[in-house]
Amino acid sequence: MIDQPGDLPHVTIRDVAQAAGVSIGTVSKALNGGAIGAETRERIRGVAEALNYRPNAMAQGLHRTRTMTIGLITSDSFGRFTNPIVEALEARLSALGIGVFMCIATDDPEREKAHIRQLLGKRVDGIVVTGRRADKRPPIGPLPRGIPVIYVFAQADDPGAFSLVPDDEGGARAAVAHLAAQGRREIAHVTGPMSFEAVRLRLRGYGQALEAAGLKQRDDFTLPGDWSEAWGREAIARLFAPGRVAPDAIFCGNDQIARGVSDGLRERGLSVPRDVSIVGFDNWDVMVQASRPPLSSVDMNLKAMGHEAGSRLLSAIQGDAQSGVIRMPCTLIVRESSQTQVS
């Protein structure tokens, strides 16, 4: 027996699927005339009626002309950046009964082309492209006319493409402004390879925040290197070499570097945050929580990016295609590594 939802504001297709004990795709077929057994169709429709489910108008419109599937191509085989994006994207689309085919291309152009052919063979309604870095990349294609493509945590080297990426510059400004507000006056920046656009943007935001706080930007306080804990430890040896000005705060280009910096300071007998405050970037749980003390870090809001990608793709499928690059806000998460107020 299905409980009546009363005055619940919104019942989704996911709710119907859970109550009926079937997949979202099966519910979609049952409610939209797809190939499904009569007994199953009637049972699902009965559940939907009991729950007072009202199909989304957009979903119904899409069903008339679409396959209700989209493709996703990524080069991020590790999943550090892709997984949160895909999770939110799938949640946004599955509420409308849209499935996601995910393909991992691992920076292999031929493999990517093969995946594209497979996705087109499945007649997907659109394609999302993402990766492990937000730098520009060659556009996918060629594609049949009318297949929308959105790049998320990636950018196509094509002025007609549409991309969603994090606001690295703004995130860096927030991190350094926070350190300055804590009374820190000698703020260093230990970061990754300058070949990454994110590194260059974060460096720019670092400089802007220093200028806004009336602080000097020292050339020897910016150290680009590897995305690794080992580089963070090595950078501390350089920053605290005899005869040079030592920093009282360090803004790190990612959380791995920040954890290495924290270890390097502890090995020198320096306390975090009493002697040196630290802020990282990425807000990677496995890094920020395992560090001692826990790391302050800039969160790129990847789930929000994935949700927005889903909404934008739906609009593009409906004919409202866009172009350009949208940089989505980052959020500073303050923890113990930067909380001490100094006089």
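Read the figures in this text as sums done on the coordinates, not as results from a lab. Predicted, not measured: the structure shown is a model, and the values here were computed from it. Don't worry about glycine lacking a Cβ; one is built from the backbone with ideal geometry, like all the others, and counts go over all protein chains shown.
Some notes on this structure:
- For Ile333, the amide hydrogen comes within under 5 Å of the amide hydrogens of Ser297, Val298, Asp299, counting only partners 5 or more places away or on other chains and with H modelled in the peptide plane.
- Computed from point charges on the beta carbon alone (+1 for Lys and Arg, -1 for Asp and Glu), the dipole magnitude for the chain about its Cα centre is near 380 Debye.
- Ordering Val279, Gln118, Ile333 by the projection of their Cα atoms onto the charge dipole of the chain, which places +1 on the Cβ of Lys and Arg and -1 on the Cβ of Asp and Glu, puts Gln118 at the extreme positive end.
- Segment 144-223 shape via C-alpha gyration tensor axes, a/c threshold 1.5: prolate
- Taking label points 7 Å from Cα along the Cα-to-Cβ direction, Ala246 and Phe78 give a separation of 3.1 nm.
- Applying a DSSP loop filter and a limit of 10 other Cβ atoms within 10 Å to the trypsin sites (Lys or Arg not before Pro) in segment 143-203 leaves Arg145.
- Each Lys and Arg Cβ is given +1 and each Asp and Glu Cβ -1; about its Cα centre, segment 13-55 then shows a dipole of about 100 debye.
- Multiplying the residue separation of Ser23 and Arg274 by 0.36 nm and subtracting their alpha-carbon distance yields 85.0 nm.
- Read-out Rg and Dmax of the Cα atoms in Å, derived from the coordinates shown; its label in (1) 25.9, 91; (2) 21.1, 68; (3) 24.2, 82: (3)
- Amide H partners (placed H, <5 Å) of Cys103, local residues excluded: Leu72, Ile73, Thr74
- Using C-alpha pairs under 8 Å with a sequence gap of at least 6, the mean separation divided by the residue count of the chain gives a relative contact order of 17 percent.
- Neighbours of Ile85, meaning other residues whose beta-carbon lies under 14 angstrom from its beta-carbon, give a summed charge of 0 when Lys and Arg score +1 and Asp and Glu score -1.
- Residues whose amide H falls under 5 Å from that of Ser277, counting only those 5 or more places apart or on a different chain, are Ala249, Ile250, with hydrogens built in the peptide plane.
- Lys216/Ser315 FRET efficiency (R0 41 Å; Cβ-Cβ; nearest 0.05): 0.30
- For segment 205-257: rounded, prolate or oblate by the Cα gyration tensor [a/c cutoff 1.5]: oblate
- Segment Asp285-Ala91, extension gain: residue separation times 0.36 nm, minus the distance between their alpha carbons: 67.7 nm
- Segment 258-326-segment 125-155 distance, computed between alpha-carbon centres (Å): 23
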